[in-house]
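> Quick one: this structure, given as C-alpha cells, is what I'll be asking you about.
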Amino acid sequence: MAISDVKEYTHLTAEEVEQLGRELDAIRREVEESRGDDDAAYINRLIKIQRSLAVAGRVTLFASRFPPAWAAGAAMLGVAKILENMEIGHNVMHGQWDWMNDPEIHSSNWEWDTAQPAEQWKHSHNYIHHQFTNVLGFDNDIGYGILRMAREQKWHPVYLGQPVYNALLATLFQWGVALHDLDLEAIRKREKDPKVLAKQLRQIRRKISRQIGKDYVFFPLLTGLAGPGNIVPTMTANATANLMRNLWSYMIIFCGHFPDGALHFTEEELEDETRAEWYLRQMLGSANFEGGRLLHVMSGSLGYQIEHHLFPDLPSNRYPQISVRVRELAAKYDIPYTTGPLHRQYGQALRTIMKLSLPNRFTSSDQPEPPTPPVDRRRRTDAERPTRMVETGGWSSRAAASTA
Amino acid sequence: MAATKTLTLARRAGARLTTPLHPDDYLSMINPLWSARELRGRIEKVIPETEDAATVVIRPGWGWHYEHRPGQYVGIGVQVDGKFHWRSYSVSTPPKRSGRTIAITVRAMPEGFLSKHLVGGLEPGTIVRLALPAGEFVLPSPPPAKMLMLVGGSGITPVMSMLRTLDRRDTMPDVVVHYSSTTEERMIFRDEIVALAEKHPTLTLHRLHTDHDGMLELADLDRIVPDWRDRETWACGPAPMLDAIEEHWEDASLSDQLHLERFSLKFDGDGGEGGTLTFQNSNKTIEADGATTVLEAGEEAGVGMPYGCRAGICHTCTLTLVEGTVRDLRNGEEYSNPNDRVQTCVTVPVGPCTLAI
C-alpha cells in the first residue's frame, strides 16, 4: 500500500509527530557530541583488518594453481571486498567519518572497490535514495528501474521475466549499480543532458577499466611470475570474490526496504513534508534484520536500516546503541518497527519479486486494495523533483529557521 | 631527482594493482611514515623550553623535502578526541638537506586548545599530519649586511630559525635582536640566544622583560638602535605590536625594509559579491554574502566540509570548483575554470557557484 500522508496513516497528531522529531533530534545531538577516540579507533581498525585481508588473499593467490590456495585466496578477497564496499565504503561516503577531519577517510575523496564511480553513487544513493526514500516515481532504488516492487507500479508483460532479471541483477549487482545514476529511462526519452551523460560515461569507463585491469589483467599476470599456471586460476578466483560480494550486497540491500511491513509513499507525501514527517517516512519505509555483531559489520550495519535512514551520517558503530532508543520511541508512539531474522526478511523480499511479476489480480495482498490507482513508474529528473532540505541527516538553514 | 621520478613511475604502476587505493595505503600499514599520499610525521621527542613552551621534534615521512627556507612555518594536524586539528607553527630548526627531523617550538596559549596539547600531552611516537612549509617571512640569500629583528614572545621561533642558519653557515652579518618577553622565565631559547650573541661579535642582543620594564616604545628605537633606519627589519610577535611597528615604519617611509609575520590571517582583498553556493553531491544550496567564506557557508548548510588551518595555509580544505567564480580574499585573485582547485577557507563566491562535495 502506498501512503500519501504518513501522519494520517499512523493516527498521530501533528504535534505528536513533531514531538517524535524532537526526540530523534536529541538522539542525533547526543551521538554527535559523544563522538571521540573510540569511534575513530573503530574505523581505523576496520580499515586495517580489511586491507590486511585483501593483501593476504592476493598473496595466497600466488599459489592459485593449487585448489586449496585458490579457495582460501578467493574467500579472503571476497570477504575483504564485502567489508570494503559495505561497512567501510558505503559508510565513509555517507560522511559518517567526516567529523574526524581526516582527509584519507572523508566522503569528499573516498573511492571504492566497485564499478560505480563514487561521485555518481553519492548523487544516486546519498541524495536521491535517502531523500526520496520509497516514494514511487522518485526513489530509483525501488526495483532499480528493472523490477516491479510495488503493487502501485503498472504491470506490463515484460515483468513476467522478473525472476530472471532478479537473478541477473543479483549476479551482476556491481554493474547494475554502476549504471544506476545514468538514468537509462531519461536517456531513452532523450531527456538527459548530453554533456552530463558524456561526463558520466567517461567516469564510468575510466573506473571500469581500472577495476577490470586490476582483477582480470594485471594481478593475474603478476601471479603468473610465480608460475604461468596461476594466471587463469587467479582470474577465476577474482571473479569468484566479486561474485560473492555481488550476491551478498544485493541480498542485504534488498532487505532494507522490501520485506513486508516496509511501506511505499506517493508524491503527495512530499508536499510540505516537515523534518519530523521525513523521519517518520524513513521509519515506516525501512526494515531491519537481526543478527550477531559480525553479521552487522559484514552487512555494513544495514541490519540497522531504520537507524541508518534516520541518521545516515552518524558513525555506523553507534547504530546498535541508537537502535535501542529508536525501538523505545517506536513503541511509545505505536509506530511499526519492521525487523526479523535475515532469512525471513530476504524471503519476504523474494516473494514480493515473484508475486509482482504477475498482474495484481492474480496475487493476493493483505492490505486494502487499491488504496491508490497504479501509477506510472516513470522516473523523475532532478529538475522535476521538489527541492529537498534534508540530506544525509543534515537539515538546511532554511528548514532550521522555519522550525526555530 | 631521477630517484624521485623512478619512484613516481613505480607508484603509478603499483596503483594499477591497488586501485582504487594507492600503493602507499598498503605500505603505510607497515610503517605509517611510508606514505606520500598525505604528508606525515612521527613525534620523536618533546623538549620543554619554558614552563609553557616546548620544542616538538618531528621525523617527517615520505614526500618531505628538507628545503624549507629559514623563517617559514609548517602546518601540523594532530588527532585529539578522534578529530584532526590543524595549526601552523614556525620551523625553528635550520634547513639541512641531510636532516632527518624538523622542529617546531610551540607556546601553550591560555585559550589555545591545540597548543596546550602539543606542549603538554603529546607522546613520542604519535603520528601527525604535515603541510609543506610556506610563508614569505624568510631570510634572503645572501643576507643583507645590516639586520634588525624585533621580536615579541613566541615570535622568536621563525627568527631563531634564521639565526641558527646564519650561525651554521658562519655568516653572521651585523644583526641586532630586540627580544621582548613578559618575564625572564618565559623567554624561549634564552640560553641559546645568549650563547649565540657571545659567540658572534656581530650579533647584538637586547632583552626586555615587559612585566618589569614595560613595553618597548618605538620612539626609543632611536636610542637603542640608532641606525635602525639603515637596517632591513624582521618583526614577529603579537598583533598590536606588529600594527604599531607597521605604522612606525610607514611614517618613516621605510615600509620597503620591513618584513612582518602575522600569526593571524589578514584579508586584503575586496571580498566578493556573494551568491548561491551549490554542493554537488548533496544538492544542498545556501546563500552566502561576499564576506562569508565558502567553507563557512558549507558548514552552515550542513555539508561535512574538510577543513584545516582555516587560514589558507594547509590546503586541507581544498575542493574542486564545478562551475562559477570564487575570489581569494587574500589577494583578490579569481578562479573561474571548471576543475579549478580552490581553498574554501579563504575564498568567497562571486555569483552562483557549484562545488564538488
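> In the range B:1-25, how many are outside any helix (DSSP H, G or I) and either surrounded by 17 or more Cβ atoms within 10 Å (Cβ to Cβ) or within 13 Å of chain A (Cβ to nearest Cβ) (or both)?
Final tally of qualifying residues: 4.
> Return yes or no: is B:LEU150 open to solvent by 10 Å² or more (accessible area, probe 1.4 Å), touching a helix residue (DSSP H, G or I) at 6+ places or on another chain (Cβ under 7 Å), at pLDDT 95 or above and not assigned by the TED database to the domain that holds B:ILE47?
No.
> Examine the range B:45-56 for a residue that is among the β-branched types (Val, Ile, Thr), over 17 Å from A:ASP102 (Cβ atoms) and within 14 Å of chain A (Cβ to nearest Cβ), and state whether such a residue exists.
no
> If you don't mind, there's one more thing I want to ask. If you take the residues in the range A:48-61 that are basic (Lys, Arg) and under 19 Å from A:ASN91 (Cβ atoms), which one is most open to solvent (accessible area, probe 1.4 Å)?
Restricting to residues being basic (Lys, Arg) and under 19 Å from A:ASN91 (Cβ atoms), the top hit is A:LYS48.
> Follow-up. Filter the range A:206-223 down to residues that are more than 9 Å from chain B (Cβ to nearest Cβ) and open to solvent by 10 Å² or more (accessible area, probe 1.4 Å) and give me whichever is farthest from A:GLN174 (Cα to Cα).
My answer is A:LEU221.
> Moving on. So which of A:ARG45, A:ARG35 is out of contact with any helix residue (DSSP H, G or I) (no Cβ under 8 Å at 6 or more places or on another chain), open to solvent by 50 Å² or more (accessible area, probe 1.4 Å), within 21 Å of A:LEU302 (Cα to Cα) and not small (Gly, Ala, Ser)?
Of A:ARG45, A:ARG35, the one residue that is out of contact with any helix residue (DSSP H, G or I) (no Cβ under 8 Å at 6 or more places or on another chain), open to solvent by 50 Å² or more (accessible area, probe 1.4 Å), within 21 Å of A:LEU302 (Cα to Cα) and not small (Gly, Ala, Ser) is A:ARG45.
> Next question, about the same structure. Could you tell me which numbered condition B:ARG164 fails, if it satisfies all but one of (1) open to solvent by 40 Å² or more (accessible area, probe 1.4 Å); (2) at positive phi?
Here B:ARG164 clears every test but (2).
> State whether the residues of the range B:26-49 include one that is crowded, with 22+ Cβ neighbours inside 10 Å, in the same structural domain as B:PRO124 (by the TED database) and in a helix (DSSP H, G or I).
yes
> Checking A:GLN162 against (1) open to solvent by less than 10 Å² (accessible area, probe 1.4 Å); (2) modelled with pLDDT under 90, which single condition isn't satisfied?
It is condition (2) that A:GLN162 fails.
> Restricting the search to the range A:129-138, which residues are at pLDDT below 90, more than 9 Å from every other protein chain (Cβ to nearest Cβ) and within 16 Å of the chain's Cα centre (by Cα)?
If the condition is that a residue be at pLDDT below 90, more than 9 Å from every other protein chain (Cβ to nearest Cβ) and within 16 Å of the chain's Cα centre (by Cα), then A:PHE138 is the only one that fits.
Yes/no per residue for (1) at positive phi; (2) open to solvent by 40 Å² or more (accessible area, probe 1.4 Å):
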{"residue": "B:ALA145", "(1), (2)": "no, yes"}
{"residue": "B:ILE156", "(1), (2)": "no, no"}
{"residue": "B:ASP170", "(1), (2)": "yes, yes"}
{"residue": "B:PHE189", "(1), (2)": "yes, no"}
{"residue": "B:LEU203", "(1), (2)": "no, no"}
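> Being under 17 Å from B:GLU49 (Cα atoms), surrounded by fewer than 21 Cβ atoms within 10 Å (Cβ to Cβ) and away from chain A (no Cβ under 14 Å) is the filter here; which residues of the range B:111-137 pass it?
B:SER115, B:LYS116, B:GLY120, B:LEU122, B:PRO124
> Taking the range A:313-330, which residues are within 14 Å of another protein chain (Cβ to nearest Cβ) and modelled with pLDDT of 95 or more?
A:LEU314, A:PRO315, A:ASN317, A:ARG318
> Would you say B:GLY63 is in a loop (DSSP other than H, G, I, E, B), within 17 Å of B:ARG164 (Cα to Cα) and either of a type outside the set (Lys, Arg) or in contact with a helix residue (DSSP H, G or I) (Cβ under 7 Å, 6 or more places away or on another chain) (or both)?
Here the answer is no, as B:GLY63 does not meet what is asked.
> Test each condition in (1) within 14 Å of chain A (Cβ to nearest Cβ); (2) open to solvent by 40 Å² or more (accessible area, probe 1.4 Å) for B:THR101 and report the one that comes out false.
Only one criterion in (1) within 14 Å of chain A (Cβ to nearest Cβ); (2) open to solvent by 40 Å² or more (accessible area, probe 1.4 Å) is unmet by B:THR101, namely (1).
> Give, as residue ranges, the helices (runs of 4 or more DSSP H) completely inside the range A:5-106 that count at least 1 residues that are within 25 Å of the chain's Cα centre (by Cα) and within 14 Å of chain B (Cβ to nearest Cβ).
Helices (runs of 4 or more DSSP H) meeting the threshold: A:14-34, A:37-60, A:67-83.
> In the range A:107-127, how many are more than 9 Å from every other protein chain (Cβ to nearest Cβ) and without any contact (Cβ under 8 Å) to a residue 60 or more places away in the chain?
2
> While we're on this one: Scanning for something crowded, with 17+ Cβ neighbours inside 10 Å, more than 22 Å from B:LEU33 (Cβ to Cβ) and of a type outside the set (Phe, Trp, Tyr), does the range B:78-85 turn up at least one residue?
no
> Kindly list, by first and then second residue, each pair from a residue in the range B:183-199 that is without any contact (Cβ under 8 Å) to a residue 24 or more places away in the chain to a residue that is among the acidic types (Asp, Glu), limited to pairs with Cβ atoms under 6 Å and residues at least 6 apart or on different chains.
Pairs found: none.
The values are calculated or read from the model by the stated rules, or taken from the named source; none is laboratory data. As the structure is a computational prediction, the values presented were derived from the model and not from experiment. Reconstructed Cβ throughout: ideal geometry from the backbone, glycine too, with neighbour counts over all protein chains shown. Areas reflect the complete protein model, heavy atoms only, side chains present, ligands, DNA and RNA absent. Shrake-Rupley method; radii C 1.70, N 1.55, O 1.52, S 1.80 Å.
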